[in-house]
Amino acid sequence: MSSEVPLTVPMPGKPYPTVGLGTFTILGETGTEEELCNAVKVAISEGYRHIDCALAYGNEKGVGDAIKAKTDDGTITRNDLYITTKLWNTYHNPDHVKEAIKKSLRNLQTDYIDLYLMHRPFALKDGDDLFPKDSDGNMVFADHDYVDTWKAMEKLVKAGLTKAIGISNFNKEQTQRLLDSARIKPANIQIEVHPYFLNETLVNFCKQNGMTVTAYAPLANPGRTWKKAEDPVLFEEQILKDIATVKGKSVAQVVMRFLLQRGLVIIPKSITPARITENFQLFDFDLSASEMQKVSSLDRHLRLYWEDEYVSHRKLQQFDPGANVFKIYIHYTYK
């Protein structure tokens with residue numbers, strides 16, 4: 001395995017930086033609007049040129065304000081930056097897709113998105129309520145077919161509103177169905193990948209079909225609020241500590257270098273300036289084949305992001321309606 005890692009990989013529009021700043025849960029669970037803006041500004045000052053956000057995160061405006069500040073002070077131009085955001089489930093109606101991206105464009109204060117992802121392969125009730133629920137507190141779903149939604153996303157490319165389109169949280173079967181029907185093939189897929197969950201089958205399938213793969217939660221999101229007492233802690237793994245000592249790097253840097261050498265794009269998140277800087281210092285060392293194998297041995301097929309609020313969606317029952325729907329959904333989404 002070659003240990004050479006590129007700074008960017010090819011994508012429609014312009015090269016896609018292999019390390020970006022993730023912003024999921026910076027607002028709400030872990031930070032304020034001010035901290036979000038500061039994190040993005042610090043990242044840009046430190047050399048990051050890839051920012052990942054989403055309408056559903058509620059953070060596009062804060063990201064947009066930070067980007068504007070760094071363009072206004074001359075640090076970057078818009079063309080220097082690669083912005084990824086996502087179409088949320090409540091805008092899967094093909095008639096509402098353009099409305100959704102225009103909302104994101106306004107929030108981000110830009111004329112175009114570099115990469116626009118379909119956040120999930122199923123729809124929620126149309127409208128501006130991002131998490132629509134009934135009187136019993138259950139999610140309210142819609143029956144829009146993601147293939148039809150994708151066709152509307154293809155029109156966004158032709159209209160110049162986004163340079164590339166892709167998907168997030170799709171499984172192999174869903175991705176194949178889209179590949180079979182799309183005029184513009186998905187350029188990228190964003191999925192959970194970390195040492196506890198290598199997700200190799202899906203990663204390899206997408207690469208074989210010409211898609212770049214972005215790993216979210218590359219450090220297994222140690223600060224997640226839903227963490228169980230029995231969950232393993234990546235930063236306590238002796239294998240990683242030993243490699244980090246040999247390399248003179250942190251455990252986080254070793255993990256992210258491991259993912260980069262697997263040919264993945266990574267989007268670690270942080271609001272701490274020192275960690276933001278550290279997370280970008282990944283190109284001055286490499287891991288040997290033996291070290292790569294040691295990190296791979298940590299794989300437990302342990303998925304950390306559960307979607308239990310969505311499991312009653314009939315679109316997620318298509319593979320085996322008579323079985324336990326939650327397990328079927330997890331199996332097919334991430335195998």
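Residue by residue, here is whether (1) in contact with a strand residue (DSSP E or B) (Cβ under 8 Å, 6 or more places away or on another chain); (2) within 30 Å of Lys102 (Cα to Cα); (3) crowded, with 20+ Cβ neighbours inside 10 Å holds:
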{"residue": "Ile167", "(1), (2), (3)": "yes, yes, yes"}
{"residue": "Asp180", "(1), (2), (3)": "no, yes, no"}
{"residue": "Ile189", "(1), (2), (3)": "yes, yes, yes"}
{"residue": "Leu202", "(1), (2), (3)": "yes, no, yes"}
{"residue": "Cys206", "(1), (2), (3)": "yes, yes, yes"}
{"residue": "Val251", "(1), (2), (3)": "no, no, no"}
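The rows are residues; the columns are (1) farther than 19 Å from Met118 by Cβ; (2) touching a Cys at 6+ places or on another chain (Cβ under 8 Å); (3) basic (Lys, Arg).
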| position | (1), (2), (3) |
| --- | --- |
| Glu173 | no, no, no |
| Arg177 | no, no, yes |
| Thr201 | yes, no, no |
| Asn209 | no, no, no |
| Pro218 | yes, no, no |
| Asn221 | yes, no, no |
| Thr225 | yes, no, no |
| Gln238 | yes, no, no |
Subset of the stretch 259-275, residues touching a Lys or Arg at 6+ places or on another chain (Cβ under 9 Å) and over 25 Å from Gln208 (Cβ atoms), comes to Pro268
Residue pairs, Cβ under 7 Å, 6 or more apart or interchain, first in the stretch 59-80 and under 22 Å from Lys269 (Cβ atoms) and modelled with pLDDT of 95 or more, second part of a helix (DSSP H, G or I) and of a type in the set (Gly, Ala, Ser). List them. Glu60/Ser104; Thr75/Ser45
Tally time: how many residues in the stretch 48-84 are touching a strand residue (DSSP E or B) at 6+ places or on another chain (Cβ under 9 Å), among the small types (Gly, Ala, Ser) and in a loop (DSSP other than H, G, I, E, B)? 2
Name the pairs whose Cβ atoms lie under 6 Å apart, with the first residue in the stretch 216-241 and farther than 20 Å from Asn199 by Cα, the second among the acidic types (Asp, Glu), and 6 or more positions between them or separate chains? Thr225/Glu29
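The values are calculated or read from the model by the stated rules, or taken from the named source; none is laboratory data. Not measured: the values here are computed from a predicted model. Cβ atoms come from the backbone with ideal geometry, glycine included; neighbour counts cover every protein chain shown.
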